[in-house]
Each structure stands twice: as structure tokens, then as C-alpha cells.
Amino acid sequence: MERVETTILSNLIYKEEYTRKVIPFLCTDYFEEKTDKVVFEEISVFLEKYDKIPTKEILHIEIQKRTDLSQDEFSLVTRLVDSLSPSESDYTWSLDTTEAWCKERAIYLALMESIQIADGQDNKKNADAIPSILSDALAVGFDQHVGHDYIDDSQDRYAFYHKVENKIPFDLEYFNKITSGGLSDKTLNIALAGTGVGKSLFMCHLAASTLLQGKNVLYITLEMAEEKIAERIDANLLNVPIQDIVNLPQQIFEKKVTNLAKKTQGSLIIKEYPTASAHSGHFKALLSELALKKSFKPDIIFVDYLNICASSRYKANGNVNSYSYIKAIAEELRGLAVEANLPIVSATQTTRSGYGNSDVDLTDTSESFGLPATADLMFALISTEELENLSQIMVKQLKNRYHDPTINKRFVVGIDRGKMKLYDCEQSAQDDILDSGQEEEYNEKDKLVSKFAGLKF
């Protein structure tokens, strides 16, 4: 009886349509025998390099070049290549059989990896990574969707263009402009700033404004106590300087909170976790608990802040570089946003203090440099002495999937640090800042035009 592995390898060199379909889903680890691994590797390498399937003759030549095979292994591999022959098997059957084999192998390998992690034999991953590993294995399968047909699917495309997207708007004009009306579901949105510039202030203000819209807000804090976050939101919503809240008579405080409750149908839950101890798995469990015990389903989640989260896949003190670790956290948070069908807002730290610097760029993200690849919106909050004197803070777009990031690349918003509030500035405040990124781009073009104006081609 012919092995499935032999059938797969035969089809890979004799059936190009089959090969093009399955090669993206196959991996070397799925093959148990070294001989199978070697042949599959040579087929894959040749296909990637020459965009053609290799012949048996080519495989023989390429295998002879390998230096990692003993004489016995070389003989076995050669014999395997010789045994490969055209198959008369049905195309659909071949695909189904290969897909079932891939699923079986993926699940087996995931179980073995999970056992190693559970036994403490993996120095990179912890036990919290097991559900994700098993989930990925169970999801293995050939994609049946072959793509969007530009002509035939035009009606679907038109409907997509005119679909009303569920968004949570800002109470700040320019943030609505750069997001085309607010934050979308299934997105990760990140503020980049130095210490003391306003990461938490921004998130507390947005949480407060979202609550006033009648939305349910979940605020996860890993840096400050629940009461400290609540105090900041009190300052914002009760319109009282934060240092004066403690001096409010209880009667006045309760009256303000009662009046506030009449203005919104939403709820705000603040949950504290110790620094670097909680990850997306804990947040998922929290969502289940809130749904069960309080019938609470958030419309938006704030995570204060990303850099001091843990990863569900990697150990914090494991053999993983900071770039991979932070990127994993971002990917897990965005995965949570997709699964929960809501926007997540978080923040990250600059390499520098950021306070007093006139500009911040992606190079200032340090180990967080992998975040822009994952984030849907990423922007810097910049404070200088001049801006502070004007009670303003500058916003600079770094990454934007909502809108063209060169439009309103930089703008300012007013800031009241005492009341933990942000507000729109007068248009005159934007005159020297608005679209400065575009202006710089055009200036560079002008310089080039001037430089080459006298040259003849």
C-alpha cells in the first residue's frame, strides 16, 4: 500500500495544478521520515527559485550536492525519488487527502509541542501559549476562496463601499478627520509618547468621551491602581481639577456623579492587573466573567499600556528578543480586537522621554518598532515647552489604515492637564502645523526640481 507521503511527493513533481494549490500549506515538519523531508525540501527550493516543478533528474542532481546525508541516507533518498511516478488519482480526491493529512500532522505536532511546554521543556513559550497553538493547528485547511473577481463581483464591491461601518467617534475634530469618523471594530490603535507626555491622559479622555456617547467601556490598567484611573476620569467628567477632587464634599461629589449617570446609558469598568502579569488570555477570560456576572459587553477596550502587558505565547524571561516579544503582544491584542469585534486602544513608550522633543518618529519606538506592522492606527503625542505654554499637544501620524496619513499629518489639540481633558483648538492654531508633512514633501520636490533644472537629458 502506497504511503500518503509518497503520493503527495509524486503529485508535487507530476501535477503542476496540484502543486500550486497545496505547496503554500505544506511544511517540512509535516513529514516524519528524513528521506521525505529531503525530497520535499528540494522540490520546494527549486519551485521557489525557478517557478517550475523539478523533474526526477533535477532532484537527483540537487540531492547529490547535499552534504548533510550519510551514504545510507543518500541511497534511501535516491531510491525514493526513483519510486515517484505519475498518479492517475482524481484531482479533487488528491486535494482532499492532502488536506486531511496536513490537518492530522498539524494537530499531532501541536499536541507534542503543547506537552513539551506543559512539562517545562520549552524555554521560550509558557503554558498560556497552548490554546493558541492548538487553535492554529485545528484551523489548518486549504483556502477555498480563490479571490475577488473584479468584473463578476462588482455588485458585492459596490455594496461594500456603501456599507455603513460601525464606528466610535472622537470628540476631537482632527482625530475624526484622520480616522474617517472614528475608531472601527477589529482594530488596534496605539499612541506613542514619552514619559509624562500624556498617554494615560489621552486614553482616559477618550474613555470618558466614549462613555458619554452611551457606550460600554472597559479600561484595563497595568500601571496605576483602579482608583487612580477613576480619579483621572472623575476630573474629566466632573470638570474638576484632579488635585481638588479630594476636597469635594461628599454630597456635591455624589450629586455630580448622579447627574453624570443621567447623561449616559453606558457603563465603565476599570480592571487592574499587576505589571507584566496579564495578557490577552486573561482579558478574554475577563470578558467572559463580565458577561456572566454583570451582563456587560464592552464596545471598546483600553489597555494602559501595551509595553507592560505579558504575551500569551512567550515567557517574559525566556530566550526571546524584545522586538519579537512586543510584536507578539500587539498581535495578540489585535487578535482580541478581531475576536471581540471592537476597537482596542493602547499606548507605547518612546526611547526618549519625549518631553521637550519637537518631533517623534518610528525610530523612537525602540523595541516597539514592530508595532506599526500590526497597528491599524499609530500616532505620536509630542510635547515641547512652547506647546505646554500654549496648553497644547502635537499629534503626528505614524501609521494609518483609516485614511491617507499625509493628510493632516500633524495637528495640535488643546490639553488641560488639571482636568485630564483634551479639546479642539482654534483653526488658527493649526496654521503652522496642519499638513506640515505634505509641505515638507513638496519642499523636497521643489529642491529636486531646482537642482536638476539646468540639466539636459
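The values are calculated or read from the model by the stated rules, or taken from the named source; none is laboratory data. Please read all numbers here as calculations on a predicted model, not as lab measurements. Cβ sites come from the backbone with ideal geometry, for glycine too, and all protein chains shown count toward neighbours.
Worth pointing out:
- Meets criteria (hydrophobic (A, V, I, L, M, F, W, C), surrounded by 14 or more Cβ atoms within 10 Å (Cβ to Cβ) and within 22 Å of the chain's Cα centre (by Cα)) for Ile270: no
- Scanning the stretch 210-236 for residues that are farther than 15 Å from Ile270 by Cα and part of a helix (DSSP H, G or I) yields Leu212, Ala235, Asn236.
- Within the stretch 416-433, considering residues that are modelled with pLDDT under 85 and touching a strand residue (DSSP E or B) at 6+ places or on another chain (Cβ under 6 Å), the one farthest from Gln243 (Cα to Cα): Ile433
- Odd one out for Ile58 among (1) buried (at least 16 other Cβ atoms within 10 Å of the Cβ); (2) within 28 Å of Gly141 (Cβ to Cβ); (3) of a type in the set (A, V, I, L, M, F, W, C): (2)
- Residue count for the stretch 401-421, restricted to those that are out of contact with any Asp or Glu (no Cβ under 8 Å at 6 or more places or on another chain) and not basic (Lys, Arg): 9.
- Candidate set: the stretch 385-404, residues that are part of a loop (DSSP other than H, G, I, E, B) and either at positive phi or crowded, with 17+ Cβ neighbours inside 10 Å (or both); chosen: the one nearest to the chain's Cα centre (by Cα): Tyr402
- Only residues that are closer than 12 Å to Tyr314 by Cβ and either assigned by TED's automatic domain parsing to the domain that holds Ile329 or loosely packed, with under 13 Cβ neighbours inside 10 Å (or both) were counted in the stretch 102-130, giving 1.
- Residues satisfying the stated conditions in the stretch 7-19, i.e. assigned to a helix (DSSP H, G or I) and either more than 19 Å from Arg105 (Cα to Cα) or in contact with a Ser or Thr (Cβ under 7 Å, 6 or more places away or on another chain) (or both): Thr7, Ile8, Ser10, Asn11, Leu12, Ile13, Tyr14, Glu16, Glu17, Tyr18
- Contact annotation: residue pairs with Cβ atoms under 6 Å, 6 or more positions apart or on different chains, pairing a residue in the stretch 393-410 that is farther than 16 Å from Phe170 by Cβ and assigned by TED's automatic domain parsing to the domain that holds Gly194 with a partner that is assigned to a strand (DSSP E or B) and among the β-branched types (Val, Ile, Thr), are Met394/Ile382; Met394/Val412.
- Just one residue in the set Leu290, Leu336 is within 25 Å of Glu226 (Cβ to Cβ), assigned by TED's automatic domain parsing to the domain that holds Asp234, touching a strand residue (DSSP E or B) at 6+ places or on another chain (Cβ under 8 Å) and crowded, with 19+ Cβ neighbours inside 10 Å; that residue is Leu336.
- The set of residues from the stretch 25-38 being within 19 Å of Asp72 (Cβ to Cβ), assigned to a helix (DSSP H, G or I) and not acidic (Asp, Glu) comprises Lys34, Thr35, Lys37, Val38.
- Evaluation of Val22 against (1) part of a loop (DSSP other than H, G, I, E, B); (2) among the aliphatic types (A, V, I, L, M); (3) surrounded by 18 or more Cβ atoms within 10 Å (Cβ to Cβ) (one fails), failing number: (1)
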